[in-house]
Amino acid sequence: MSHPRRSRDEWRAHIARWRGSGLSGADYARLHDLNANTFAWWRSELREKRSALGPGSLTLVPVTTPRAEADRRPVEVALPGGVVVRVPDHVDPARVAGLVRALVNAC
């Protein structure tokens with residue numbers, strides 16, 4: 001049985017469809033009348049090309065995830081006279097120090 005020649009883009013499309021199919025490579029090849037050995041070669045060829053892109057071809061994006069409210073505990077500062085100041089733990093310490101100084105000076 002003769003198989004038509006396919007372009008790199010056609011093989012790339014087959015590989016993408018195969019990845020989403022849930023089928024083994026041999027089953028996908030058989031279902032789409034592809035030569036199983038050729039299909040396996042193109043899977044390897046395209047995987048190697050993808051991994052050889054080099055460090056400049058990927059972009060890493062920093063991600064921060066908010067902590068759960070249950071994990072956040074306020075910072076407490078006890079002032080003379082029994083006054084307690086509670087601030088969220090993520091507040092800049094310099095701002096907290098300024099607030100405490102202002103409150104101590106006002107008392």
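The values are calculated or read from the model by the stated rules, or taken from the named source; none is laboratory data. Everything numeric here is computed off the predicted structure, so don't read it as measured data. Reconstructed Cβ throughout: ideal geometry from the backbone, glycine too, with neighbour counts over all protein chains shown.
On the given criteria, is residue 61 over 29 Å from the mean Cα position of the chain (by Cα), β-branched (Val, Ile, Thr) and either modelled with pLDDT under 90 or over 26 Å from residue 5 (Cβ atoms) (or both)? Judged against the criteria, residue 61 is not a match.
Put simply, of 94, 70 the only residue that is exposed (fewer than 10 other Cβ atoms within 10 Å of the Cβ), at pLDDT 80 or above and assigned to a helix (DSSP H, G or I) is 94.
The criterion of being more than 28 Å from the chain's Cα centre (by Cα), at pLDDT 85 or above, surrounded by fewer than 10 Cβ atoms within 10 Å (Cβ to Cβ) and part of a helix (DSSP H, G or I) does not hold for residue 40.
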